[in-house]
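Step one of this worksheet: look at the structure below.
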Amino acid sequence: MSSRKIILPGDRISDKVLRMPNTYIENEMTYAAVVGMSDETGKFISLESCYKPVFEDVLIGIVTDVRHSGYSVDINLPSSAFVSARDMRTPLNAGDVIAAKVVDVDEVGEVSLGDIRKLPRGEIITFPPSKVPRLIGRKSSMLLLIKEHVGGELIVGNNGFVWVSESADIPLVYKAVNLVIEKAHLTGLTDNMQEFLIANKK
């Protein structure tokens, strides 16, 4: 049986001081600042938050500008990320889709990317970043389950961009993603997803 439970703003998360996003400290105890839930390990997962890049997060991005020094990349945030031309063996072009890791976030929040992988043709789905942990699942269980039924390749960026290869069942991916969005706060989501995928698979 799942031990997940809904956590409301103001609910106490821990009797200790925990430095976590979307929480606040009062009287040496940690409280939720937004609606969230606890997973099987007791970790707090916010369901309402803005994405803030963290070192080594995996992001999906779209190249929007090509310059001599490097590339500007749309990462689903108000500010673009940057890829240095020195890090690329093969040049990128505007419109290229990449998977990358966050290698630096400076004091004003500008993001530098590394470990760049240019992705082939596919489709990008926008997904709420706060619900990405539910789409991936514990030990990638949800993501692996969806991949098993849709075929092709699927990469989930922590920034809320999901890349789907052309060889996947893209309409089914959309349906699966929307199911997670609608039911992220409910228990038993993995079992519900399995039943849904079996029922809707071509």
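Each value in this text was obtained by applying a stated rule to the coordinates, not by laboratory testing. Remember, it's a predicted structure, so these values are computed and weren't measured experimentally. Cβ: placed from backbone, ideal geometry, glycine included. Neighbour counts: every protein chain shown.
When +1 charges are put on Lys and Arg Cβ atoms and -1 charges on Asp and Glu Cβ atoms, the dipole computed for the stretch 122-200 relative to its Cα centre reaches about 360 debye.
So if R0 is 22 Å, what FRET efficiency would Ile181 and Arg12 give, r being the distance between their Cβ atoms, rounded to the nearest 0.05?
Numbers: r = 28 Å, r/R0 = 1.26.
Between Ile181 and Arg12 the formula returns 0.20.
In order along the stretch 95-104, phi translates into HN-Hα couplings of x, 5, 9, 10, 10, 8, 10, 6, 9, 6 Hz, rounded to whole numbers, per the Karplus curve 6.51 cos²θ - 1.76 cosθ + 1.60 with θ = phi - 60° and x for Gly and Pro.
Among the GluC sites (Glu not before Pro) in the stretch 103-202, those located in a DSSP loop and surrounded by at most 15 other Cβ atoms within 10 Å of their own Cβ are Glu107, Glu110, Glu153, Glu166. Computed over the stretch 41-126, relative contact order equals 27 percent, with contacts defined as Cα pairs under 8 Å that lie 6+ residues apart. Extension gain for Val108-Thr90 works out to 3.5 nm (0.36 nm per residue, less the C-alpha to C-alpha distance). Evaluated with a Cβ-only charge set (Lys, Arg +1; Asp, Glu -1), the chain carries a dipole of roughly 480 debye about its Cα centre, given to the nearest 20.
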